[in-house]
Amino acid sequence: MKLKRILLAAAAASVLSGGAAVADSTGITDTSIKIGNTNPYSGPASAYSVIGKAISAYFKELNTQGGINGRTIEFISLDDGYSPPRTVQQVRKLVEKEKIAFLFQSLGTPTNSAIHKYMNQKKVPQLFVATGASKWGQPEKYPWTMGFQPTYDVEGEIYAKYVLENVENPKIAVLFQNDDYGKDYRDGFLRGLGDKKDLIVSMLPYETTDPTVDSQILALKDSGANVFVNISIPKFAAQAIRKACEIDWKPLHLLNNVSSSVSATLKPAGLECSKDLITAQWMKDPTDPQWKGTAGYQEWSAWMDKNLPDADRGDVNYGLGYNVSKLLHHVLDNCEDMTRAGIMACAANVKDLELPMVLPGILVNTSPTDFYPIQAAQLSKFDGEKWALFGSVIDATK
Amino acid sequence: MIRPNALTPKLVLSFGALVVLGCIVPLIVEDYDSYQITVAFSYGIAILGLNILTGYNGQFSIGHSAFFAIGAYTAAIMITHFGWHPYATLPFVAIAAFMVGFLFGFPALRLEGLYLALATFALAVATPQILKVDALEEWTGGVQGLFFDKPDPIMGGMSIDQSLYYVTWIVFVVLMALTWALLHSRSGRAIMAIRDNPIAASTMGINTALYKTTTFGISAMFAGLGGAFFAFANAFVSPDTFNFFIAVYLLVGSVVGGIVSIPGALLGGLFYVFGQEYAEEVSNLSELIPPPWVTFGIFLILMMYFAPFGIWGLIERGMARLKRPSSS
C-alpha cells in the first residue's frame, strides 16, 4: 500500500517534471542563464583544456559588466578526461542535476558522440561543439546539435588538393588517430585524392592510449614517402614531429590544424624541427606579428592582459575560446526568445559575423539548414618562429 | 574472511535488509543518482566475477575490461542489428562471455601469477583495437560504436532510470546469492583449495585444469553481464570506452571493496563511481588540497595501509571487535 503510494507520487513527480520540459526555459531566469560544458582537464587531450579556461574567464568578465541583457552567465565546466562514459556521466549531471539551459563547446569527437543522442532526446541544445567532425551539422536528424570550426574532412580535402597540385611524384604516408576524428580527416583526404589513392604508400593508425607514436614514424619513413600527412592531437603530433626530426626524415609535412598551436605542439616538438610544416588555418595565429595591428587582435590581447595575464599567448586555443565565446555572446545578445528552442533558432540565424581572432575574409554563417558556422580555411607554413599564410582563403562551400 | 560466511539467520537477515535497502534507494533519489548507482552496480557485477577468480581461486586478471567489452558488445549488437529486447540478450551475453573466458582459461593454465597477469593485460590492450578493425565495422560500428535506446520501464509509473536500476539490482542480488551458493558447494571448496595449495588440491583428486578454466569462464561471464548493464545504462558502446583503465579500475574496486568477499563487490562498484567524483569535490574544497588524482592516490595508499582487506574487511573486523566484549 505504502509502496504503491510512493510509486504514485513518483509518477506524479515525473509528469510534473515532464510538464516543465514543455515550457523549455530550464536554466534561464530573468537574471541568469546556466550554461554547461565538459573539457578534458585531465587525460591525453588535456592540452585543449585552455579553451574551457578561456571561456570561463570570458563569462566571468562579462558578468562584472552586467552579463547579457541583464542576465548573468553561470558557466559550469566539468572534467571528463576525454573519456566517453565519463562525458555521459558529467553531462547527465549538468542536465539533470544542475539544470543547465544548454551545453556549450563540449570538447572532443568521441565524447560528444556519446551524448549526441541523449541531448537530442532531451531537447537540450548542444551548441558549437569543439570538434570538427562532419556529423555535427545534421539539422534534420539532430536539430539540437551544432558544430563550430571547419570540419575535418574539408580540411583533409584541402591538403589533398595541395599535394596533387604542388608535389612532383608524391609518395604519401599518413598517420591518423584511430577514431572518428582521425578517420574523418583521413576520409576527407582520400576523397580529395580522387582516383589517385595509390599515391599513398603507407597509412598507420595510433590509439590515444599509446604511450608514443615513435614506431609508426619509423615505419612511415621506411615506406620511402616524401609527403607526410600528420593527423594527430597535440601530444602525439609533437612526438611525431620530434621523431621525424631525430631520424632525419624530411618529407613535406602536413599537420592537421587541431595541433597547430605553437606552444602546445611545436615548442614541445622543437621549433627547429617544426620548420616548413604546413597546416590549414582559419584563426589568427597569436604569434604572427602581421595581426598585431588589427582591431581583432588588439581586442583579444587587451582581454588577455586583463583576464588571463599569466597565460601562454602562443597557444592558439585561447583565441579559439575567445572566438567561440564571442559567437555565443552575439547569439544570446540578439535573441528575443530565451527558451531552449529559441536559443537554438537564434544560433541557426547568424549572418556574416566577423570574429576577432578568425582570419580576415572568413565569416560565420548559419541557417536552419546550415549547422556549420565556419567553412573556410587558408594554408600556412611554419617558418621556425611563426605560421606564415600563403595562397588565398579556400571556401569549402564554393 | 578467507572463506564465505556460514549460513546463519543473521546472514539471511542482513542480506534481506540489504536487498530491501537497495530497492528503496531509487524512490528517494533523483533519476541521475539512480543512473549513477546503476553504473556502480554494473561495475560491481564485474568485480564480483573478479573476486571469484582472484580472491577465491587465486588467478590474476588485469584484463577483465575485455570480458566487460564482450558483454557490452554482444548486447549492443543483438539490440541494434537484430532488434532484440535488451533484457532478452542477457542469457546470450552470459554464454558468449563464459565461452570466451573458458577458452582463455586454457592458455591461462600454463601461466601462473604475474605471467597470467601479463597475458590478461595483453587481452585488455588488444580489445579496443580489435573492436575498431575495419573488417568487423559492419557489426561493431567501428570507432563510432553502436547507439541504441535504453530499455523501456518494466512497470508503469517508473522512470527509465529507475526501471533499469531495479533490473540491475535484482540481477546483482541473484548473482551474489549464486556466488555464495557456489562457494559453499563442493565445487567452491575445490576452487578455494586450488588457491590455497594447488599441488595438495590435485593430490586430493581435484581436476585443477577443469576447475581453473571453469572459474575463469564464470568470472568472465559475470564481467560480461556487468558490461551489458553498463551498455544499457549509457545507451551506447564504443571501443575507447573499454580501454585498459577499466581493467585497472575493476581491480582497484575489487581490492578496495574487499577482494576475498562477496559484498565487497558492491562496495567496490560504488567506490569506482563515487570515489573519483568525491576526489574531485574534495580537491575543489581548498587550494591546499592536491588535484583530484593525487587525492585519489593518497586515499588508495592510506586504504591499503589501514584496511588491507578492503572496506568489507574493515567492516568485518569492526563487527568482530564489537562482538568480543559481549561474548567474553
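Which one, B:Gly275, B:Gly224, B:Gly49, has the greatest fluctuation when you compute a Gaussian network model over chain B with C-alpha springs under 10 angstrom? Looking only at B:Gly275, B:Gly224, B:Gly49, the largest GNM fluctuation is found for B:Gly275.
Compared with the dominant principal axis of the Cα atoms in chain A, helix A:295-307 is inclined by about 60°.
Angle of helix A:2-23 to the longest C-alpha principal axis of chain A, folded into 0 to 90 degrees and rounded to 10: 60°.
Extension gain for the segment A:Ala388 to A:Asn69, taken as residue separation times 0.36 nm less the Cα-Cα distance, is 110.9 nm to one decimal. If a/c stays under 1.5 just call it rounded; otherwise compare a/b with b/c (prolate if a/b is bigger, oblate if not). Do that for the stretch A:152-281, with a ≥ b ≥ c from the square roots of the Cα gyration tensor eigenvalues. It comes out rounded by the Cα gyration axes.
Fewest neighbouring Cβ atoms within 10 Å first, the residues A:Lys197, B:Lys132 line up as A:Lys197, B:Lys132. With the Cα gyration tensor of chain A giving a ≥ b ≥ c as the square roots of its eigenvalues, does the rule (a/c under 1.5 for rounded; else a/b larger than b/c for prolate; else oblate) give rounded, prolate or oblate? Prolate, because a/c is 1.5 or more and a/b exceeds b/c. Here the Karplus relation 6.51 cos²θ - 1.76 cosθ + 1.60, evaluated at θ = phi - 60°, turns the backbone of the stretch A:192-205 into coupling constants of x, 6, x, 8, 9, 5, 6, 5, 6, 9, 7, 9, 10, x Hz, with x for every Gly and Pro.
What FRET efficiency would be calculated for the residue pair A:Asn334, A:Gln290, taking the C-beta separation as r and a Förster radius of 35 Å, to the nearest 0.05? Display every interim value, and only then the final one.
Numbers: r = 31 Å, r/R0 = 0.89.
So, using R0 = 35 Å, E works out to roughly 0.65.
Once you treat every alpha carbon in the stretch B:1-64 as an equal point and sum by Debye, what is log10 I(q)/I(0) at q = 0.19, 0.25 Å⁻¹? Values returned for q = 0.19, 0.25 Å⁻¹ are -0.93, -1.04.
Across the stretch B:1-148, C-alpha contacts under 8 Å between residues 6 or more apart give a mean separation that, scaled by the residue count, equals a relative contact order of 23 percent. Scalar couplings 3J(HN,Hα) for the stretch A:337-342, obtained by applying the Karplus form with A = 6.51, B = -1.76, C = 1.60 to θ = phi - 60°, are 8, 8, 10, 4, 5, x Hz; x denotes Gly and Pro.
For the pair B:Leu18 and B:Ala122 in one chain, pulling the backbone fully straight at 0.36 nm per residue adds 33.7 nm over the alpha carbon distance. Between amide H atoms placed 1.01 Å from N, distances below 5 Å from A:Gln281 occur with A:Gln378, A:Leu379, A:Ser380, all of them 5 or more places distant or on a separate chain.
As a calculated quantity, the FRET efficiency between B:Leu111 and A:Lys141 at R0 = 51 Å, using C-beta atoms, amounts to about 0.55.
Computing Rg and the Kirkwood Rh from the Cα coordinates of the protein assembly as shown gives a ratio, Rg/Rh, of 1.00. With the cut-off at under 16 Å, measuring from each backbone N in the stretch A:256-285 to a point 7 Å along the Cα-to-Cβ line of A:Thr212 picks out A:268-270.
What full-extension length gain, to one decimal in nm, is calculated for B:Leu27 and B:Ala177 as 0.36 nm per residue of separation minus the Cα-Cα distance?
Working: separation 150, 0.36 × 150 = 54.00 nm, distance 2.41 nm.
Answer, rounded to one decimal: 51.6 nm.
Using a 10 angstrom cutoff on alpha carbons, build the Gaussian network for chain A and name the most mobile of A:Tyr152, A:Tyr82, A:Tyr162. Of the options given, A:Tyr162 has the highest mean-square fluctuation. Annotation for the stretch B:230-308: GluC sites (Glu not before Pro) lying in DSSP loop with at most 16 further Cβ atoms inside 10 Å of their Cβ are B:Glu287. Taking B:Ile37, B:Ile47, B:Ile199 in turn, the Gaussian network model of chain B (Cα-Cα springs below 10 Å) assigns the largest fluctuation to B:Ile199. Pairs with C-alpha atoms separated by more than 30 Å, drawn from the list A:Lys53/A:Lys161; A:Lys117/A:Lys161; A:Lys53/A:Lys284; A:Lys122/A:Lys306, are A:Lys53/A:Lys161; A:Lys117/A:Lys161; A:Lys122/A:Lys306. A simple spin-label model places the labels of B:Phe274 and B:Arg186 4.2 nm from each other, with each point 7 Å out along Cα-to-Cβ.
Going by how many other Cβ atoms sit within 10 Å of their own, how do B:His184, B:His64, B:His81 line up, fewest first?
Details: B:His184 15, B:His64 32, B:His81 12.
Ascending Cβ contact count within 10 Å gives the list B:His81, B:His184, B:His64.
Taken residue by residue and averaged, Cβ atoms of other chains lying within 10 Å of the Cβ of B:285-297 number 1. Using 1/(1 + (r/R0)^6) with R0 = 30 angstrom and r between the beta carbons of A:Val167 and B:Gln129, what's the FRET efficiency to the nearest 0.05? Efficiency at R0 = 30 Å is approximately 0.40. Of the chymotrypsin sites (Phe, Trp or Tyr not before Pro) found in the stretch A:294-398, those in coil by DSSP whose Cβ has at most 10 other Cβ atoms within 10 Å are A:Phe390.
Each residue of the stretch B:125-130 was assigned a 3J(HN,Hα) from its phi angle through the Karplus expression (A = 6.51, B = -1.76, C = 1.60, θ = phi - 60°), giving 6, 6, 3, x, 6, 4 Hz with x at Gly and Pro. Please say if the stretch B:9-266 is rounded, prolate or oblate, where rounded means a/c under 1.5 for a ≥ b ≥ c the square roots of the C-alpha gyration tensor eigenvalues, and otherwise the choice is prolate for a/b larger than b/c and oblate otherwise? It is oblate, given that a/c is not under 1.5 and a/b is not larger than b/c.
Every number here is computed from the coordinates shown, using simple stated rules; none is lab data. This is a predicted model, so every value here is computed, not measured. When we count neighbours, we look across all protein chains shown, and the Cβ atoms used for this are built from the backbone with ideal geometry, even at glycine.
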